[in-house]
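I have placed the structure first, in the form of structure tokens, so that the comments after it can refer back to it.
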Amino acid sequence: MFDTVIHSGTVVTATDTFRGDIGIRGGRIAAIAERIEGGERRIDAGNRLVLPGGIEAHAHIAQESSAGVMTADDYYSGSVSAAFGGNSSFIPFAGQHRGQSVDDVLATYDARAKRSVIDYSYHLIISDPTENVLTEELPRAFKRGITSFKVFMTYDLMNLGDGGMLDILTVAKEHGAITMVHAENNEMVKWMNRRLAAKGLTAPKYHAISRPELAEEEAVNRAISLAKLVDAPLFIVHVSTAGGAALVQRAKLDGAKLFAETCPQYLALTRHDLDRPGREGAKFMCSPPVRDHATQDALWKHIQAGTFESVSSDHAPYRFDETGKFTAGLDAPYPKIANGMPGIAARLPYLFSEGVVKGRITLQQFVALSSTNAAKTFGMTQKGSLYPGMDADIAIWNPEATRTVTLADQHDNMDFTPFEGMALTGVPEVVLNRGQVIVEHGELRAVEGQGRFIARATVDLTGKPGYRSKELDPAQNFGAEIAP
Ligand code: DUC
Ligand code: ZN
Ligand code: ZN
């Protein structure tokens, strides 16, 4: 009656922990009960934890940066590494560069993503919101279940300006989609770059100085205001500052349609890591940059308080050579070094060890932050929890096993990991995607291309009443019908 039964485990969801067996049929959970007999295959969970498979909601896979640098991971290596890190699905970015049509971009990523071993979707990055993009191509993307996209407030080649952002927020709202934003003030960063360059301060460590905390805080505040003006849902990616997190928390208390994430690197690393000898510091360059210990403590408090829906990796794998970090030469100044770091396999083991094992968060919070909330926010309605009818996306975790992070453990195409040498407790030992075992005790069981594209539903705004601007309310604006 069942293809597979997982027995003798402790099932954990975002709300509950209980002893129970899971029966799987046709890739879905068919039954959960105290005891389930039979099954063509029986997997003994051996008293370990049976969790929803992770959903990685922020990863750069087979993606060219605006400077033209290709990530080291394609959909095969990136998805394999994700699977070893306890993930059953992921949502990398499909990036539009200026002048490109969204239809073409999606066709390109469809071809690249065919190699994935786990289920996938894309967030669409919009850098060129032409009339055709806004009125024809985005609605077509929504129709095929791509219900989120990312815009930038920084980088000359990506940043849309406030007006462009309002256009995207408005179109997204009309379709029930969510806009994601990289929030850093472009002019502050450029001004800092000029001041540092004038003094010849171009080593990797100055990357951390060039992107001030205030640049993030200002942009987070502005992004929230823009979204509030048109009452559109907004997701702030990779929040790296206490000030940015506090702004998110306050806006959420006001009922804004707001979501946010932070990433392990902002909890684990500081700007002093960029001051390692020689070029080593370049390994720790990402944007926004890693900060300091006080910020780490503040971000943990915000994780505990529910400010963030997810802890995502922002896996941006640029190798430590001329194909990645150093396409502009081994001695390139920091503004010409690719920024981004890998972390797709380390995300969940890090969060489990530093979060659950150290008593900072509950198991329920771990499940919510690693899977359930991403499923709800990004419309993966068949994923993110364990109950009958859901996809059998499951990770069996040994909560006591310890492991030291090494490059070999990552299974990606990278030549370093910024988490090298960290001793972590808690290991995802068996991972399933739609009922198929894809990782089993250190062995890959998946076949290239077995992952499927997931058409996603609209954003779940339950519990977020939003905000009505007086000036956009016909009852208060002399009847002007201008609201989106
Ligand atoms: N933003 C990201 O989300 N990832 C890598 C670099 C960046 O600017
Ligand atoms: Zn970003
Ligand atoms: Zn990113």
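The values are calculated or read from the model by the stated rules, or taken from the named source; none is laboratory data. Computed from a predicted model, the values in this text were never measured in an experiment. Using ideal geometry, Cβ is built from the backbone for each residue, glycine included, and neighbour counts are taken over all protein chains shown.
Go through (1) more than 16 Å from ligand 2 (Cβ to nearest atom); (2) among the basic types (Lys, Arg); (3) in contact (Cβ under 8 Å) with a residue 12 or more places away in the chain and name the single condition Arg291 misses. Result: Arg291 passes all but (1).
Among residues of region 159-168 being in contact (Cβ under 8 Å) with a residue 60 or more places away in the chain and of a type in the set (A, V, I, L, M), the one that is surrounded by the most Cβ atoms within 10 Å (Cβ to Cβ) is Met165. Output the residue which, of all residues in region 431-484 that are under 22 Å from the mean Cα position of the chain (by Cα) and assigned to a strand (DSSP E or B), is nearest to Trp397 (Cα to Cα). Selected residue: Val431. Of the residues making up region 99-116, those that are part of a helix (DSSP H, G or I) and not basic (Lys, Arg) are Val102, Asp103, Asp104, Val105, Leu106, Ala107, Thr108, Tyr109, Asp110, Ala111, Ala113. Exactly one residue out of Phe93, Phe2, Phe18 is touching a strand residue (DSSP E or B) at 6+ places or on another chain (Cβ under 7 Å) and without any contact (Cβ under 8 Å) to a residue 12 or more places away in the chain, and it is Phe18.
Here's the yes/no breakdown for (1) on the phi > 0 side of the Ramachandran plot; (2) within 16 Å of ligand 1 (Cβ to nearest atom); (3) aromatic (Phe, Trp, Tyr); (4) surrounded by fewer than 20 Cβ atoms within 10 Å (Cβ to Cβ):
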{"position": "Ala316", "(1), (2), (3), (4)": "no, yes, no, no"}
{"position": "Thr323", "(1), (2), (3), (4)": "no, no, no, yes"}
{"position": "Leu330", "(1), (2), (3), (4)": "no, no, no, yes"}
{"position": "Pro342", "(1), (2), (3), (4)": "no, yes, no, no"}
{"position": "Pro349", "(1), (2), (3), (4)": "no, no, no, no"}
{"position": "Phe352", "(1), (2), (3), (4)": "no, no, yes, no"}
{"position": "Lys383", "(1), (2), (3), (4)": "no, no, no, no"}
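Collect the residues in region 279-301 that are more than 15 Å from ligand 1 (Cβ to nearest atom) and among the hydrophobic types (A, V, I, L, M, F, W, C), keeping them in residue-number order. Ala294, Ala298, Leu299, Trp300 - these are the residues of region 279-301 that are more than 15 Å from ligand 1 (Cβ to nearest atom) and among the hydrophobic types (A, V, I, L, M, F, W, C). In contact (Cβ under 8 Å) with a residue 24 or more places away in the chain, more than 15 Å from ligand 3 (Cβ to nearest atom) and among the acidic types (Asp, Glu), is that true of Asp297? It is false that Asp297 is in contact (Cβ under 8 Å) with a residue 24 or more places away in the chain, more than 15 Å from ligand 3 (Cβ to nearest atom) and among the acidic types (Asp, Glu).
Condition check ((1) among the small types (Gly, Ala, Ser); (2) touching a strand residue (DSSP E or B) at 6+ places or on another chain (Cβ under 6 Å); (3) not assigned by TED's automatic domain parsing to the domain that holds Ala177) across all residues:
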{"position": "Ala401", "(1), (2), (3)": "yes, yes, yes"}
{"position": "Gly421", "(1), (2), (3)": "yes, no, yes"}
{"position": "Val430", "(1), (2), (3)": "no, yes, yes"}
{"position": "Val437", "(1), (2), (3)": "no, no, yes"}
{"position": "Ala457", "(1), (2), (3)": "yes, no, yes"}
{"position": "Leu472", "(1), (2), (3)": "no, no, yes"}
{"position": "Phe478", "(1), (2), (3)": "no, no, yes"}
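The single residue among Ala268, Ala245 that is buried (at least 24 other Cβ atoms within 10 Å of the Cβ) and either away from ligand 1 (no atom under 15 Å from the Cβ) or within 17 Å of Phe152 (Cα to Cα) (or both) turns out to be Ala245. Of all residues in region 215-237, those that are more than 16 Å from ligand 1 (Cβ to nearest atom) and of a type in the set (Val, Ile, Thr) have Cβ atoms under 7 Å from Cβ atoms of residues that are at pLDDT 95 or above and assigned to a helix (DSSP H, G or I), 6 or more apart or on another chain, in Ile224/Leu247; Ile224/Ala251; Val230/Leu166; Val230/Leu169; Val230/Thr170; Val230/Lys173. Of all the numbered requirements in (1) in a loop (DSSP other than H, G, I, E, B); (2) without any contact (Cβ under 8 Å) to a residue 40 or more places away in the chain; (3) away from ligand 2 (no atom under 16 Å from the Cβ), Asp156 misses one, and that requirement is (3).
Set side by side, the residues Ile29, Ile6, Ile61, Ile36 differ, and just one is touching a helix residue (DSSP H, G or I) at 6+ places or on another chain (Cβ under 9 Å) and either at pLDDT 95 or above or over 30 Å from Asp314 (Cβ atoms) (or both), which is Ile61.
Per-residue answers, yes or no, for (1) surrounded by 15 or more Cβ atoms within 10 Å (Cβ to Cβ); (2) assigned to a strand (DSSP E or B):
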residue: Thr15; (1), (2): no, no
residue: Ile32; (1), (2): yes, yes
residue: Ile43; (1), (2): yes, yes
residue: Ile61; (1), (2): yes, no
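Hey, any hits in region 303-310 for a residue that's more than 13 Å from Thr241 (Cβ to Cβ) and in a strand (DSSP E or B)? Yes, some residue in region 303-310 is more than 13 Å from Thr241 (Cβ to Cβ) and in a strand (DSSP E or B).
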